[in-house]
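Bear in mind that the values in this text are calculations on the coordinates, not laboratory data. Treat the numbers as computed from the prediction; the structure is a model and nothing was measured. All Cβ positions, glycine included, derive from the backbone under ideal geometry; neighbour counts span all protein chains shown.
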Amino acid sequence: MNNNDEVALDLIEQITSAILIANLADPQECIEIYKLLEELEKVCTEPDCCKMTRNCLEMLEKHILNEGTDETINEMMFVLSGEKRLLVKKINCAGQGENDRVIEKKTDMEIHDSGSGLPDELVFDLNDEIVKNFIARQFGVLEELEEHILLLEKGGTVDPLKRIFHTLKGESGMVQLNDISVLCHCVEDYIEEGKRSIDDLLYVKDWLYRHFASLRDNQVHEENVQEVIKKLKKTATNISEPQQNKYEKSIDNNRLSSDISLLSDFITEAMEHLQNADNLLLELENNPMDDELLNSLFRVFHTIKGIAGFLSLEGIQTLSHITEELLDKTRKKRNPLQHDEIESVFCSIDTLKLEIKQLQTGIENGTTYTVHEKTQKLISYMECLTKKSDKNRPERIGEILQNSGKVNEKQICSALKKQVEHPEKKLGEIFVENGLVSEKDIDEVLGKQGKSAPKVAVRETIKVDTEKLDKLVDMIGELVIAEAMVTGDKEVVERASTRALRNMRQLDKITRQLQEVSLSMRLVSLKSTFQKMARLVRDLSKKSGKNIEFVTCGEDTELDKSVIENIGDPLVHMIRNSTDHGIEPDDERKKAGKTQRGRIELRAFQTGGSICIEIEDNGRGLDKDAIRAKAISLGLMEETDNLSDKEIHSLIFQPGFSTAIKVTDVSGRGVGMDVVQKNIQNLRGSIDIKTEKGKGTVFSIYLPLTMAIMDGMVVMADRERYIIPTSAIVESMKFKKEEITSVTNKGEMVDFRDNLIPLVYLCEILERKIDNKIDDDKIIMVIEDMDRRCGLVIDSIIGQQQTVIKRLGEGIGSISGISGGAIMSDGNVSLIIDVGGILRNTKQYKT
Amino acid sequence: MSESAEKLKNMASLAGKYLTFRLAEEEYGLEILKVQEIIGLMNVTRVPKTPSFIRGVINLRGKVIPVIDLRVKFEFDIKEDTDKTCIIVVQVNNDNNHSVVMGIIVDEVSEVLDIKGNQIEPSPSFGASVDTEFILGMGKTAQKVVMLLDIDRVLSGDEINMVGKTE
């Protein structure tokens, strides 16, 4: 009986494709279809289906006898798809064993047919972001198509056309625009047969354009796809069998070598999708009842599966399919994902990433792509998981509260008893009444329990070559300087009328805004970096068996792209340290009277001219005595040395420094923090530690807003301007000759807050002539780097300024004491002083 | 005989357009393709710890480039800058075949000359003690003789890059 149903299903599919492709004006072909329908009627056992088939037959008869309208065929298609749905449902219900076969059918990419091959809720809504995106993209594709069609006339090849239609077929099939996919299929056949009518191809393109336009405007496209297909058929005869997948395989076997651009597009796209999936899954883990999240996740895998399918990337396709399957099951049951299910989806994401990376290297090295063995294993594991079905329910409010340590079991029991007495009251209300938890907590918990899907508006973005962007930023920089030169010109300002001055001010304002925008273009939000960290904490806490809550805050904070790229590594090391060393194991936490759940918070915010990233944990904190002891044993300090807390804490950044007794696979070798400091210094940032033993630690990383801009103090020395980074300046002071102590052969020293520091003449360092050494109106600027200090003698201070750092041209190598040049508002170049370099050269004076 | 013929053939390959400029009463020529632009003399920021022939750095539309004083480089007498003194911005290939943008300060820019192969003669040799390596050849025109400079040699990256590293 079931077998019959499947035969029927096959027949329906044959009929639908035949109707779409056949020239229905030709009675001969109509009779073919008629025969198929008759066969269907015989096979069908379901009374409803029989009725539907009968209907179809009658309609076709009418059509052959020229009695029907244009609507007849459409109606027929509608009836057939209804019948198909009915059959699928029936087979689905038939049992677990049969289930697998239907799934198999689904993967055969038969979504092209009429959308009924998939469960109803899977059919994409036209308002869906994916469909919208797809449609928006097609206008560009059609333009390209037209170009290639016209090139054909001038002797171009058909290969680009084939590619475009093939892509379009695959993608439109994926988003359930079946008319288009069928049409594309016909065009492919048409081209395959060697037909090259430019007019026909242009006609198809125009039709597609109109179709997409009406889809975009949410209107119904009047022209029937049949018309186009008919027209094509007049030129093309003898269309080969329409079996989609056979066709696909025959031309896709050598796709890997032939269509690199398509593949590389897929790679970038898929990587983006997977990144997205990671985040969605993390959110889903915290919010298991959120259908929207599950659906988005579902779509990710569906998209990947679709594209991988038509690119013949079997491993990726199967894996994403099985993942999709797993998610689909969960969705249908309306149960939250089980723990091991989430784990396996994570695993699947990772493996897919691996596969795609492999594919990428494959393309780069020209080798062929093979399915990873790990992937195979994962696929079979997930298959098992999909079959296994166990029940789960959403967490109860009491459980959530208990897990977060707000109430204990007894309190819940008593509250439950109370609820029996007052059935109208909610459990949460009882908790609040008893003063166990605050209302805010309950709200929070309810948010966790219910659907709190924060919807984020998708901003439109455009991908631009970074080189172009850098050039634009450079040119805007030049514009700002040129503008300053004009408006700052004495001659211009003196002679200008009030109106001209006003216009100049307007120009000034606009250029400044332009500069701000240009700088912000390179800014990227920390979001993806933070999300990576969330994943890291999750994995590490699973590994170490610690229960850790990870909170992020301020992830929309933006930083220069180059900074973002370089901050990832240090953050990884610090988070690893926090989870491994910072947060104590559960029993230790219990003993110390802390909440069972550890907490790591990652925050980002702007303070003044820099961005601060803070990592806070409520773990055991740094052990000052242990660090001290270790430092003494390593010979980094003497036992008698009296170091401040800050200095002791900064010892942890020394290479090879670790107080960990045991080296784990996460941390303990003392390499990580060294890397952290190096990277942060390279970014011209700094790091600060606040810690309290037993309470926790806060690491604060301060980073400059951009790599190219520096906050500097403009100073004069020997009639030349120099720039000293503000971050290195401790203090500036006037002084009297008597305060200078001359040390024989050791230069001069000055008393600065009871410390003797060496004096350095900026002119001397820079080999400028030194005029009459010290006099009363000179200024000493105390500069500091890496705990070394010296007094820099300069003529005067002009002021503070944001400067753009430039390299001193390639012809000039690195010069000690100079870190680069900066272009001043008058267009001249000033040199930036390298404080670290100066202090290194003066170390012989050190007391 | 054959050697000199080969030399003449080499000279012929040097034919092309040259930007000529004046430096201490002499006329020099620069391959036009090496020249990026000519700018008036602007304020040059001196950079410490560089050889004397490096006048300093300038801001060329947002880019910082070094400027070479050709008079100092060629060990001529140092003269005050005049209105006609200008900077020729050239693109030089250093030893690693990286193109480097530099400015050279010359007394005066003259004209662009089209020098044909038969107008070029090999540089005269003054004996071993005189280095004429950086002269490609001598261009003879109706009015004057122009020394064609091999600018890559003149501003050899080797010499310049050595600078900063000596502390």
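General observations
- With neighbour counts taken as other beta-carbon atoms within 10 Å, the residues B:Y28, A:Y381 rank, fewest first, as A:Y381, B:Y28.
- At R0 = 45 Å, FRET efficiency that the Cβ-Cβ distance of A:E638 and B:D81 yields, to 0.05: 0.15
- Label point distance in nm, A:E58-B:H98, each placed 7 Å from Cα along Cα→Cβ: 8.4 nm
- Value of relative contact order over segment A:477-587, rounded to a whole percent, pairs C-alpha under 8 Å and six or more apart: 28 percent
- Local charge for A:A277 was computed over the other residues whose Cβ lies under 12 Å away, with Lys and Arg +1 and Asp and Glu -1, and equals -2.
- Extension gain, A:E467 to A:Q275: 0.36 nm times the residue separation minus the Cα-Cα distance gives 66.6 nm.
- Exposure proxy for A:L297, A:L507: other Cβ atoms within 10 Å of each Cβ, ordered fewest to most, give A:L507, A:L297.
- Inter-probe distance in nm under a simple model that places probes 7 Å from Cα toward Cβ, at A:E588 and A:L501: 7.0 nm
- Stretch gain in nm, segment A:E565-A:V486, where the contour uses 0.36 nm per residue and the Cα spacing is subtracted: 24.7 nm
- Using the Cβ-Cβ distance between A:L536 and A:C50 with R0 = 51 Å, the FRET efficiency computed as 1/(1 + (r/R0)^6) comes to roughly 0.30.
- Computed 3J(HN,Hα) for segment A:576-588, one whole-Hz value per residue from the Karplus formula 6.51 cos²θ - 1.76 cosθ + 1.60 where θ = phi - 60°, is 4, 4, 4, 6, 7, 9, x, 6, 7, x, 3, 5, 5, glycine and proline marked x.
- Extension gain (nm, one decimal) between A:L514 and A:E39, 0.36 nm per residue minus Cα-Cα: 163.8 nm
- Relative contact order (percent, whole number), segment B:35-78, Cα cutoff 8 Å, 6+ residue spacing: 27 percent
- In the structure shown, the pairs A:K329/A:K561; A:K509/B:K84; A:K62/A:K162; A:K594/A:K646; B:K73/B:K116; A:K162/A:K463 are assessed against 31 Å; a Cα-Cα span above that value is assigned to A:K329/A:K561; A:K509/B:K84; A:K62/A:K162.
- Theoretical FRET efficiency, 1/(1+(r/R0)^6), r = Cβ-Cβ of A:I31 and A:D199, R0 41 Å, to 0.05: 0.85
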